[in-house]
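Participant: Before I ask anything, here is the structure I am working with.
The values are calculated or read from the model by the stated rules, or taken from the named source; none is laboratory data. In this text the structure is predicted, and so the values were computed from the model without any measurement. Please note: Cβ atoms are built from the backbone with ideal geometry, for glycine as well, and neighbour counts cover all protein chains shown. SASA here: full protein model, heavy atoms, side chains in, ligands and nucleic acids out. Shrake-Rupley method; radii C 1.70, N 1.55, O 1.52, S 1.80 Å.
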Amino acid sequence: MEMQRNRESSQEKNLDFDIRRTMILHLYMKEWSMPEYRVIMTKPEIGVTIEIYYFPSMNDHIPARFATVGLSNSIRKSGKPTETEWMLALKPDLGQETIDRIFTYFCDLIAHNIEHIQSSEVPRVMTESALAPENWTTKALLIDELRGESEDFEQIKIGEETISVLWVIPITSKEARIILQEGIDAFDAYIENLSYSIIDPTRP
């Protein structure tokens, strides 16, 4: 039987992405166990592939997580590389929304980020959006440094590139105003005194 062989260098897109996936997904699985689902976003005309993995909660005390692989490889309209992956942590009930609905929302956020945001600087607030899941009260968004997760996510080395994982946090319009008017420290103090979890997207 004849088989075709193709040799790829690590600079070629397919192999480069496979290496990126291997390294990032390994770190995710080491912390969060096996993913249950994956969604793949592609834009072939500009060579973008982004995978989003769903890591289910193992019990009532462990968050469910959605995390990207490949966002760090995408290029903004400004020409700057994104150089970050995103992680969304939610209560195990996902705020009474389906996995598919959250995947759709996450994909919309990623597409908006690549098309319209100029840099990966944090903290960054996105005001309320009609794209947010219907059952969530947290229809605005904060993108910030990752907290409460492994330090391995702060600097991931892929060849000569260093990327980080950022935290995507659904927030209420009130919380968005606190950050924009008083700063991230005031938001942290507000959340500290709140009786609801920061990963509960249905908090009042």
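Participant: In terms of modelled amide H atoms, which long-range or inter-chain residues lie less than 5 Å from the amide H of Y37?
Facilitator: Residues meeting the amide H criterion: Y54.
Participant: What GluC sites (Glu not before Pro) in segment 136-204 are in a loop by DSSP, with at most 11 other Cβ atoms within 10 Å of the Cβ? Provide the component values of the computation, followed by the final result.
Facilitator: Numbers: sites: E145, E149, E151, E154, E160, E161, E175, E182, E192; in loops: E149, E154, E160.
Answer in residue order: E160.
Participant: Hey, got a sec? Which trypsin sites (Lys or Arg not before Pro) in segment 101-204 land in a DSSP loop and have at most 11 other Cβ atoms within 10 Å?
Facilitator: Working: sites: R101, R124, K139, R147, K157, K174, R177; in loops: K139, R147.
Passing sites in segment 101-204 are R147.
Participant: Report which label in (i) 123; (ii) 147; (iii) 136 holds the value of volume of the Cα convex hull per residue in Å³ derived from the coordinates of this structure.
Facilitator: (ii)
Participant: Over segment 141-201, with the other protein chains present, what is the accessible area per residue in square angstrom, probe 1.4 angstrom?
Facilitator: On the way: 3230 Å² over 61 residues.
Result: 53 Å² per residue.
Participant: Something else about it: Using the structure shown, list the pairs from K13/K43; K43/K157; K13/K157; K77/K139 with a Cα-Cα distance above 22 Å, or answer none.
Facilitator: On the way: K13/K43 13 Å; K43/K157 25 Å; K13/K157 18 Å; K77/K139 25 Å.
Long pairs (Cα-Cα over 22 Å): K43/K157; K77/K139.
Participant: Something else now. Round to a whole number: what % of the accessible area of segment 118-170 belongs to carbon and sulfur, probe 1.4 Å? Walk me through the numbers before you get to the answer.
Facilitator: Details: 1180 of 2770 Å².
Carbon plus sulfur share of accessible area: 43 percent.
Participant: Let me ask another. Let me check against my output: what whole-number percent is the relative contact order of segment 45-204, with C-alpha pairs under 8 Å and at least 6 apart? Show your work: numbers first, answer last.
Facilitator: Numbers: 282 pairs, mean separation 33.5, N = 160.
With pairs under 8 Å counted, the relative contact order is 21 percent.
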